[in-house]
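The values are calculated or read from the model by the stated rules, or taken from the named source; none is laboratory data. As the structure is a prediction and not an experimental result, all values here were calculated from the model. Glycine gets a Cβ as well: all are built from the backbone with ideal geometry, and neighbour counts include every protein chain shown.
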């Protein structure tokens, strides 16, 4: 048996966010870690509460390697839950709360989770999921009332009982499973380890020139890698994170929070920056912004100029990547944004990248190929999907699915997506997933989904369908059907009815022809 006193030095030197929180709890116990709606949570409180929750989870059978779902709005309790789960060497599974019960039910089944942590606003959604997935035997709710089969979060934190055994958790231990929509219609869970998240933290610190007295503003949903990925550097540095409540985006409320909290570092998607920069109050605000960043969707030159004009003293940074890379792979600094309009920037120095053809041969500068990656931010693979993992790592490199070109200075430009995907307001929408739902409607014989540029959202999905009968079908007719099966942001924003979908000699739908005919707003 291992001597606990001998294992403690090894356990304490592991470089992951549980140990970083423990360090801050010892060295700066009363400093603010998270601030939410005017209430502070200190580093000591974060450490003590997450350890207490870990104890409660352990007493209910959660152990190493188990998966625990988190379906919650943005709260400090979200971070506490991740830390508690990881303290047991279990794996946190953040879930998009905009998904429907069947979509969440698939994630439950695929991950094999038996425990879920949620909050009062989302408790009805979880109840609906549990009727379809009774395997979720333990449900923990932040706030509100509890009932049969439902435990109160605060009651568990305050509960007395046996403590969990402290574990030595190596950095390559899985910390998160982040589900992304799949090209075949089934989501895939990207397994991210502690070293993935620590490498992401260092990437963000370098990109944003972050320091320990930064006040980071988190408005991205924590179920997105952009949310947890933006918190990782602040946990490493011991800075303060202001957690902004989720809801309809309101520029005035966000600007008020920036001013009141003296936020120094913020990330928003371009659609949000467009609204912020159009607010007439910006020039009169007393702000402390040192770094402003954007990503998850392309930004137009008008948005970039508006950001530069509105916040001339802030470092303007664009970040590009994907969940499987934890997520940042490329960074574009503001000084290059207009000079290199349309670029996603340089590949970060901590990863290796190539632009290759279908035979894995490097293409020349200016030529189009798929960008492939290696490095410490690269996921371990897709949960429970060995074939998809093997395909993604074919040739020893991770295949991003992004078709790009590099100019003679090394700047990367994304020209198309090898994966059939739409990015709408920062959300990834895989066309096959929407098409599979449309195929199931009894009035639709065949369907294809394409992206259409949109001033507000960047892109929106458009459905081109051939009908199964003579009855006319309007988009509004499909809404009840879609509501039961797809998150709202995945719904087509236009429905185009055709006699037949164009196909090539092998029978595949010719999507570039559909884009040429129907992707325009005209």
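Every condition in (1) part of a loop (DSSP other than H, G, I, E, B); (2) under 16 Å from residue 441 (Cα atoms); (3) over 26 Å from the mean Cα position of the chain (by Cα) holds for residue 501 except the one numbered (2). Residue-level check: of (1) crowded, with 17+ Cβ neighbours inside 10 Å; (2) modelled with pLDDT of 85 or more; (3) touching a helix residue (DSSP H, G or I) at 6+ places or on another chain (Cβ under 9 Å); (4) within 30 Å of residue 97 (Cβ to Cβ), residue 423 misses just (3).
Scanning segment 121-137 for residues that are under 19 Å from residue 84 (Cβ atoms) and either under 22 Å from the mean Cα position of the chain (by Cα) or surrounded by fewer than 18 Cβ atoms within 10 Å (Cβ to Cβ) (or both) yields 122, 126, 137. From the list 460, 414, the one residue that fits, being within 25 Å of residue 226 (Cβ to Cβ), modelled with pLDDT under 90 and surrounded by fewer than 22 Cβ atoms within 10 Å (Cβ to Cβ), is 414. In segment 339-382, the residue that is surrounded by the most Cβ atoms within 10 Å (Cβ to Cβ) out of those that are more than 27 Å from residue 174 (Cβ to Cβ) and touching a helix residue (DSSP H, G or I) at 6+ places or on another chain (Cβ under 6 Å) is 360. The residues on offer are 157, 150, and the sole one that is at pLDDT below 95 and more than 16 Å from the chain's Cα centre (by Cα) is 150.
Of all the numbered requirements in (1) surrounded by 16 or more Cβ atoms within 10 Å (Cβ to Cβ); (2) at pLDDT below 95, residue 206 misses one, and that requirement is (1). State which residue is nearest to residue 241 (Cα to Cα) when the search covers only segment 296-312 and only residues that are at pLDDT 90 or above and assigned to a loop (DSSP other than H, G, I, E, B). If we take residues in segment 296-312 being at pLDDT 90 or above and assigned to a loop (DSSP other than H, G, I, E, B), then 311 is nearest to residue 241 (Cα to Cα). Among the residues of segment 208-225, the one identified as part of a helix (DSSP H, G or I) and within 21 Å of residue 175 (Cβ to Cβ) is 225.
Being within 18 Å of the chain's Cα centre (by Cα), touching a residue at least 40 places away in the same chain (Cβ under 8 Å) and not in a helix (DSSP H, G or I) is the filter here; which residues of segment 243-295 pass it? Hits for segment 243-295 are 243, 244, 245, 246, 266, 267, 268, 269, 293, 295.
Residue 337: at pLDDT 90 or above and farther than 25 Å from residue 419 by Cβ, yes or no?
Values: at pLDDT 90 or above: no; farther than 25 Å from residue 419 by Cβ: yes.
When the stated conditions are applied, residue 337 does not pass them.
Looking at segment 1-74, the helices (runs of 4 or more DSSP H) lying wholly inside it that each contain 1 or more residues that are closer than 17 Å to residue 231 by Cα sit at 17-27, 43-59.
Here residue 237 fulfils each of the conditions (1) under 27 Å from residue 347 (Cβ atoms); (2) assigned by TED's automatic domain parsing to the domain that holds residue 321; (3) surrounded by fewer than 24 Cβ atoms within 10 Å (Cβ to Cβ); (4) in contact (Cβ under 8 Å) with a residue 40 or more places away in the chain apart from (4). Out of all the residues in segment 504-513, is one or more outside the structural domain of residue 335 (by TED's automatic domain parsing), more than 29 Å from residue 321 (Cα to Cα), modelled with pLDDT of 90 or more and over 20 Å from the mean Cα position of the chain (by Cα)? For segment 504-513, residues outside the structural domain of residue 335 (by TED's automatic domain parsing), more than 29 Å from residue 321 (Cα to Cα), modelled with pLDDT of 90 or more and over 20 Å from the mean Cα position of the chain (by Cα): absent. Of the listed requirements (1) in a strand (DSSP E or B); (2) crowded, with 19+ Cβ neighbours inside 10 Å; (3) in the same structural domain as residue 88 (by TED's automatic domain parsing), residue 151 misses just one: (2).
Only one of the listed residues (403, 332, 378) is under 19 Å from the mean Cα position of the chain (by Cα) and either at pLDDT 90 or above or assigned to a strand (DSSP E or B) (or both). That residue is 378. Taken as a whole, the condition of being more than 23 Å from residue 105 (Cβ to Cβ), modelled with pLDDT under 90 and not in a loop (DSSP other than H, G, I, E, B) does not apply to residue 452. Taken residue by residue, segment 142-161 has at least one member that is closer than 23 Å to residue 225 by Cα and in contact with a strand residue (DSSP E or B) (Cβ under 9 Å, 6 or more places away or on another chain). Here segment 233-242 is the region considered, the condition is being out of contact with any strand residue (DSSP E or B) (no Cβ under 6 Å at 6 or more places or on another chain) and in a helix (DSSP H, G or I), and the residue that is farthest from residue 27 (Cα to Cα) is 233.
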